[in-house]
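All of the numbers you see were taken from the coordinates with simple rules; none came from a lab. All figures in this text were calculated on a predicted structure; none of them were measured in a lab.
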Amino acid sequence: MKRILALDFGTKRTGIAVTDELQIIASGLTTVNTKELIPFLKDYFEKEQVALVVVGEPKQMNNEASESEAAIQGFIKKFTIAFPEMPMHRVDERFTSKMAFQTMIDSGLSKKQRKNKALVDEISATIILQSYLYSK
């Protein structure tokens with residue numbers, strides 16, 4: 001089977017998570033400077049078979065799109081041009097950053113390690129991917 005890849009898109013950096021080939025386990029892959037995201041994905045798609053890309057959909061508590069949705073829509077347009085055959089699915093990402101931070105606390109990471117925003121983004125992408133896997 002092909003992997004599923006998830007993105008926690010941010011204007012500065014994007015957290016990336018991926019499943020195993022059986023699409024059972026979600027694991028953090030890396031965090032990439034968002035300006036380098038499309039080239040990173042091109043390289044990754046050449047090396048690994050990916051069935052689907054899941055992108056977090058930030059919403060406010062009233063279910064309206066958050067301010068960052070405009071930037072995500074811009075990325076989605078670029079993604080669709082670069083990878084016209086790659087399916088994409090959106091997943092509500094409310095509270096993923098808070099859940100990622102709590103995961104870091106629960107796993108015993110030091111305060112210094114918890115300040116690593118790139119790690120928070122990677123864990124958030126993993127939570128987004130896990131959420132998708134639970135829903136299907």
TODO: Can you tell me how much longer the chain between Ala82 and Asn33 gets when fully stretched, taken as 0.36 nm per residue apart minus their C-alpha distance, in nm with one decimal?
DONE: 15.9 nm
Task: Relative contact order computed over region 80-136 (Cα-Cα under 8 Å; 6+ residues apart), in percent - done: 43
Task: Per residue, the convex hull volume that the Cα atoms of region 21-70 enclose (Å³) - done: 131
TODO: Can you tell me what the convex hull of the Cα atoms of region 3-135 projects to on average, as an area in nm²?
DONE: 8.2
TODO: Amide H neighbours of Met86 under 5 Å, at least 5 residues apart or on other chains, H built in the peptide plane: list them.
DONE: none
Open item on the list: Can you give me the long-range amide H partners of Val50? Hydrogens built in the peptide plane at 1.01 Å from N, cutoff under 5 Å, separation of 5 or more residues or another chain.
Closed with: Arg3
Open item on the list: At 222 nm, what value in deg cm²/dmol follows for the chain if DSSP H runs of at least 4 each add -39500 (n - 2.57) and the sum is divided by all its residues, to the nearest 500?
Closed with: -13500 deg cm²/dmol
- [ ] Just need the relative contact order of the chain here, percent rounded to a whole number, with Cα pairs under 8 Å and 6+ apart.
- [x] 34
